[in-house]
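Participant: Structure in structure tokens, see below.
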Amino acid sequence: MSISLAKGKCIIFSAPSGAGKTTIVHALLKRLPQLSFSISACSRDARESEIHGKDYYFMGIEGFKKKIQEEAFIEWEEVYPDHFYGTLKEEVERVWNEGKTVIFDVDVFGGINLKKYFGENALSFFIEPPSFEILEERLRKRQTETEDRIRVRLCKAKEEMQQKSKFDKIIVNNDLDIAIQEVESIVKAYLNL
């Protein structure tokens, strides 16, 4: 199944874990009703507060691999060993059929792949932490990860930071309110709102 790019536009948000992209995306969704969230698919189990079909489509490893074989994804990544994340074609179609602009909250390499796929129909943002030290501090404050997982995320963050030039806009999230205002202004201009 392929999708028609003529149907709509996309806004892509990527960042190292802990940079604040999900908070920015949620703020935008509240402020701009023209946007609708693209729910990603993943192979992991739901966390305690997560809901299938709202936060993610939780497919398990075998279910995810089956969708890869069916070519159901626009893009997918094995972000960590046996931790797959991807964007379903039918999810983008769902949003566009509602007459809305798709907003993505994806990892950095997923964001690069989405931008390649959608081209001029997408505006991509890289949310950058003010410093690597602040990023580490934010990850530790969450208290949701083991020390090993934090180390893996920090190692991946160094690699992801080197990719920021592949995005249309780089926003340094030093002050969350200012970052949200800046992003909102850019998105409104892009969508002629």
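The values are calculated or read from the model by the stated rules, or taken from the named source; none is laboratory data. Predicted model only: the values in this text are computed from it and were never measured. Cβ: placed from backbone, ideal geometry, glycine included. Neighbour counts: every protein chain shown. Surface areas here come from the heavy atoms of the whole protein model, side chains and all, with no ligands, DNA or RNA. Shrake-Rupley method; radii C 1.70, N 1.55, O 1.52, S 1.80 Å.
Participant: Counting other Cβ atoms within 10 Å, which GluC sites (Glu not before Pro) in the stretch 5-110 have at most 14 and lie in a DSSP loop?
Facilitator: Filter output for the stretch 5-110: E48, E50, E70, E71, E98.
Participant: Same structure, new question: Would you work out which of V106, G8, T22 lies farthest towards the positive end of the dipole of the chain? Charges go on Cβ: Lys and Arg +1, Asp and Glu -1.
Facilitator: Farthest along the dipole direction, towards plus: G8.
Participant: A further question on this structure: Evaluate the distance, in nm, between pseudo-label points positioned 7 Å from the Cα of R47 and of L193 along their respective Cα→Cβ axes.
Facilitator: Placing both labels 7 Å beyond Cα along the Cβ direction yields 2.6 nm.
Participant: Then there is this: Among residues other than A122 whose Cβ falls under 13 Å from its Cβ, what is the net charge (Lys/Arg +1, Asp/Glu -1)?
Facilitator: Charge balance in the 13 Å sphere: +3.
Participant: Would the stretch 1-109 count as rounded, prolate or oblate if I go by the C-alpha gyration tensor, calling it rounded below 1.5 in a/c and otherwise prolate when a/b exceeds b/c, oblate otherwise? Let's see the in-between values first.
Facilitator: On the way: a/c = 1.72, a/b = 1.16, b/c = 1.49.
Cα axes put the stretch 1-109 in the oblate bin.
Participant: Send over a whole-number figure in Å² for the accessible area per residue of the stretch 1-83, probe 1.4 Å.
Facilitator: Heavy-atom SASA per residue in the stretch 1-83 reads 53 Å².
Participant: Measuring with a 1.4 Å probe in the full set of protein chains, what accessible area per residue, in whole Å², belongs to the stretch 86-193?
Facilitator: So the stretch 86-193 comes to 51 Å² accessible per residue, rounded to a whole number.
Participant: If I model the stretch 78-165 as equal point scatterers sitting on the Cα atoms and use the Debye formula, what is log10 I(q)/I(0) at q = 0.13 Å⁻¹?
Facilitator: -0.56
Participant: Then there is this: Given the options I150, I171, I112, which has the most mean-square fluctuation in a GNM of the chain, springs set between C-alpha atoms less than 10 angstrom apart?
Facilitator: For the chain, modelled as a Gaussian network with Cα springs under 10 Å, the answer is I150.
Participant: Hey, what D do you get for the chain in µm²/s if you plug the Kirkwood alpha-carbon radius into Stokes-Einstein at 4 °C and 1.567 mPa s?
Facilitator: Approximately 76 µm²/s, per Stokes-Einstein.
Participant: Quick test of the membrane-span-like rule: which DSSP H helices of the chain reach at least 20 Å along their long axis (C-alpha atoms) with mean Kyte hydropathy at least -0.5?
Facilitator: Membrane-span-like by this rule: 176-190.
Participant: For the chain, what relative contact order do you get, as a whole percent, if you take Cα pairs closer than 8 Å and at least 6 residues apart?
Facilitator: 31 percent
Participant: Tell me the GluC sites (Glu not before Pro) within the stretch 141-185 that lie in a loop according to DSSP and have at most 15 other beta-carbon atoms within 10 Å.
Facilitator: E145
Participant: Let me ask you something else. About the Cα centre of the chain, how large is the charge dipole given +1 on each Lys and Arg Cβ and -1 on each Asp and Glu Cβ? Please answer in debye to the nearest 20.
Facilitator: 340 debye
Participant: Right, next: Cα centroid distance between the stretch 161-191 and the stretch 7-33, in Å?
Facilitator: The distance from the Cα centre of the stretch 161-191 to that of the stretch 7-33 comes to 10 Å.
Participant: Give me the percent of accessible area attributable to carbon and sulfur for the chain, probe 1.4 angstrom.
Facilitator: In the chain, the share of accessible area belonging to carbon and sulfur is 48 percent.
Participant: Loop only by DSSP, 11 or fewer other Cβ within 10 Å of the Cβ. Give me the trypsin sites (Lys or Arg not before Pro) in the stretch 1-97 that pass, ordered by residue number.
Facilitator: Sites meeting the loop and neighbour criteria: R47, K54.
Participant: Separate question: Take the Cα atoms of the stretch 90-131, find their three principal axes, and give me the spread along each one in whole Å, biggest first.
Facilitator: Sorted from largest, the Cα extents of the stretch 90-131 read 40, 18, 16 Å.
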